[in-house]
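K.L.:
I am attaching a structure below and will ask some questions about it afterwards.
The values are calculated or read from the model by the stated rules, or taken from the named source; none is laboratory data. What you see is a predicted model; the values in this text were computed from it and never measured. Don't worry about glycine lacking a Cβ; one is built from the backbone with ideal geometry, like all the others, and counts go over all protein chains shown. For the accessible areas, the whole protein counts, side chains as well, though only heavy atoms, and no ligand, DNA or RNA atoms are used. Shrake-Rupley method; radii C 1.70, N 1.55, O 1.52, S 1.80 Å.
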Amino acid sequence: MKLLARDESRHAGFINDSLKDAGIHIDLKFLTKVKKLHYFSPKFIFYGTYLSEKIGYARYITICRHLQSHPDRRFHPLFDRFEAWCNDEYRHGEAIALLLRADPRLTRGLNRLWIRFFLISVYATMYCRDHTRPALHHALGLDVARYDYRVFATTSEISRQILPFVLNIDDDRFRAAMEAMLRASLRLDAARKRKGLSGAFARASAMAAAGAAFVRMYFVPVAENQPPRHVRLAQSW
Ligand SMILES: [Fe+2]
């Protein structure tokens, strides 16, 4: 955990230096003082952190491989160190994978429902966020939807080492529900800018549509998976 924290602070350091070069100064130290702390059961932190590290790795390595074949798109020197950065992220996820493997109850029974909830939340959040902030993808020459589904596929493939199932991301029902989620999230963004009763009504209706899309995704049958007997700390993407 200490090494993981060290890596993350090094990543943040690179970004901070790059932002300084661009004349943007960010000091997040105040957050530790003003941000309220919430208690979560450790298993939720394991699921959330595992998925965010793995999806983070999948996002970075997809960009890294894309830039290796399109060097003209490397718009910042940060990308010269990108592969080592990706590998850091992969190892962070593996550290959490070992914690999850240490107690088989964490991936069985009712906990499967929680894992499904976390998977859909993480995937849907990424899909909606990427579509509303496409500047980075355009600069890299990536199509947002294709890039996101590529990242989901890589994350699913990696998570086969630990999780008892993977989401059926290629199922038409899953994809249609994801598009419905995106439409609801765009409606919600627009409604947040509106004031008064009509704004409140538009927000409530967009949130209901997002909830319905989430439920539709949740009930698309998953593909069962038998994780390998041995965990291996090696990435192959
Ligand atoms: Fe990380």
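K.L.:
Please report, ordered by residue number, every helix of the chain (full DSSP H runs) that is 15 Å or longer along its axis going by C-alpha atoms and whose mean Kyte-Doolittle hydropathy reaches 0.5. Numbers along the way, then the final one.
P.N.:
On the way: long enough: 2-21 (29 Å, -0.86); 42-69 (40 Å, -0.08); 82-102 (31 Å, -0.19); 111-132 (32 Å, 0.15); 144-159 (22 Å, -0.14); 172-192 (30 Å, -0.24); 196-218 (33 Å, 0.89).
Counting only whole DSSP H runs, the qualifying helices are 196-218.
K.L.:
If you don't mind, another one. All other residues with a Cβ under 15 Å from the Cβ of R112 taken together, and with Lys, Arg as +1 and Asp, Glu as -1, what is their net charge?
P.N.:
Numbers: positive: K43, R105, R108, R116, R160; negative: D103, E224.
Value of the local net charge: +3.
K.L.:
Okay, moving on. Between the stretch 105-122 and the stretch 157-211, what is the separation of their alpha carbon centroids in Å?
P.N.:
One Cα centre to the other: 19 Å.
K.L.:
Counting Lys and Arg as +1 and Asp and Glu as -1, what is the net charge of the other residues whose Cβ lies under 13 Å from the Cβ of A176?
P.N.:
Local net charge: 0.
K.L.:
Per Stokes-Einstein, at 4 °C and 1.567 mPa s, what whole-number D in µm² s⁻¹ belongs to the stretch 168-222, with the Kirkwood radius over Cα pairs as the hydrodynamic radius?
P.N.:
112 µm²/s
K.L.:
Taking 20 °C and 1.002 mPa s as the conditions, I'd like the Stokes-Einstein D for the chain in µm²/s, using the Kirkwood hydrodynamic radius from alpha carbon pairs.
P.N.:
Translational D for this selection: 108 µm²/s.
K.L.:
Enumerate the amide H contacts of F165 below 5 Å, restricted to partners 5 or more residues apart or on another chain; note that Pro and chain-start residues carry no placed amide H.
P.N.:
N225
K.L.:
Would you tally the net charge around A84, using a Cβ to Cβ cut-off of less than 12 Å, leaving A84 out, and scoring K and R as +1, D and E as -1?
P.N.:
-2
K.L.:
Counting other Cβ atoms within 10 Å, keep those with at most 16, restrict to DSSP loop, and tell me which chymotrypsin sites (Phe, Trp or Tyr not before Pro) in the stretch 63-136 are left. Kindly include the intermediate steps, with their values, before the conclusion.
P.N.:
Values: sites: F75, F79, F82, W85, Y90, W114, F117, F118, Y123, Y127; in loops: F75.
Here the sparse-neighbourhood loop sites are F75.
K.L.:
Quote to one decimal, in nm, the extra length available between Q226 and K2 on full extension: 0.36 nm per residue of separation minus the C-alpha distance between them.
P.N.:
77.5 nm
K.L.:
What number, rounded to the nearest 500 deg cm²/dmol, is the helix-based mean residue ellipticity at 222 nm of the chain, given -39500 (n - 2.57) per DSSP H run of at least four residues and division by all its residues?
P.N.:
Working: 9 runs with 161 residues, N = 237.
Theoretical 222 nm ellipticity from helices: -23000 deg cm²/dmol.
K.L.:
What percentage of the solvent-accessible surface of the stretch 97-234, computed with a 1.4 Å probe over protein heavy atoms, is contributed by carbon and sulfur atoms?
P.N.:
60 percent
K.L.:
Order the peptides 186-194, 2-10, 162-170, 42-50 from the highest to the lowest mean number of other Cβ atoms within 10 Å of their residues. Walk me through the numbers on the way to the answer.
P.N.:
Numbers: 186-194: 13.9, 2-10: 12.0, 162-170: 19.0, 42-50: 16.6.
Highest mean packing first, the order is 162-170, 42-50, 186-194, 2-10.
K.L.:
For labels at A84 and T32 in the simple 7 Å Cα→Cβ model, what's the distance in nm?
P.N.:
Going from the A84 label point to the T32 one covers 2.5 nm.
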